[in-house]
Amino acid sequence: MTADVHRFEQSIGGRLYLIEVSAVSKDRWRAQIVRLPGVPTAMMPFYGRTPAEAAGQLGAWLTRAHQRAAAPAGTV
């Protein structure tokens with residue numbers, strides 16, 4: 001297993017996210033938002049067969065979360 005780490009930047013909901021993806025086993029990658037010092041995060045990781053797939057799943061979830069948060073009450 002290599003210690004490769006891939007980083008993806010995505011602008012979602014007007015906010016820039018840095019997503020870090022690391023290998024956990026052969027053909028299994030874990031994506032999570034990069035933690036800033038002193039800023040807690042309790043978000044679950046997202047997994048995929050490739051770094052891009054794992055980052056894409058996390059990005060898609062963040063997009064849905066932003067859309068839901070921006071929707072008027074009772075429309076989602």
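Which value in nm describes the separation of the simple spin-label points at His66 and Thr50, placed 7 Å from the Cα toward the beta carbon?
Reported label-point gap for His66 and Thr50 is 2.3 nm.
Based on DSSP H runs of at least 4 residues, each adding -39500 (n - 2.57), what is the mean residue ellipticity at 222 nm of the chain after dividing by all its residues, to the nearest 500 deg cm²/dmol?
Working: 1 runs with 20 residues, N = 76.
Helix contribution divided over all residues of the chain: -9000 deg cm²/dmol.
Give me the one-decimal Kirkwood hydrodynamic radius in Å for the range 5-70, with the sum taken over alpha-carbon pairs.
Answer for the range 5-70: a Kirkwood hydrodynamic radius of 12.1 Å.
Percent relative contact order of the range 5-70, based on C-alpha pairs within less than 8 angstrom and at least six residues apart? Intermediate values should be presented prior to the final figure.
Numbers: 107 pairs, mean separation 18.4, N = 66.
That works out to 28 percent.
Between Gln10 and Val24, what is the label-point separation in nm under the 7 Å Cα-to-beta-carbon projection?
1.7
Note down the net charge around Glu20, summing +1 for each Lys or Arg and -1 for each Asp or Glu among other residues with Cβ under 13 Å from its Cβ. Each step should come with its number before you reach the end.
Values: positive: Arg7, Arg30, Arg35; negative: Asp4, Glu9.
Charge balance in the 13 Å sphere: +1.
At 7 Å along Cα-to-Cβ for each site, give me the label-to-label distance between Tyr17 and Ile33 in nm.
Here the answer is 0.7 nm between the modelled labels.
Treating only the Cβ of Lys, Arg, Asp and Glu as charged (+1, +1, -1, -1), what charge dipole size does the chain show about its Cα centre? Round to the nearest 20 debye.
For this selection, approximately 160 debye.
All of the numbers you see were taken from the coordinates with simple rules; none came from a lab. As the structure is a prediction and not an experimental result, all values here were calculated from the model. Cβ: placed from backbone, ideal geometry, glycine included. Neighbour counts: every protein chain shown.
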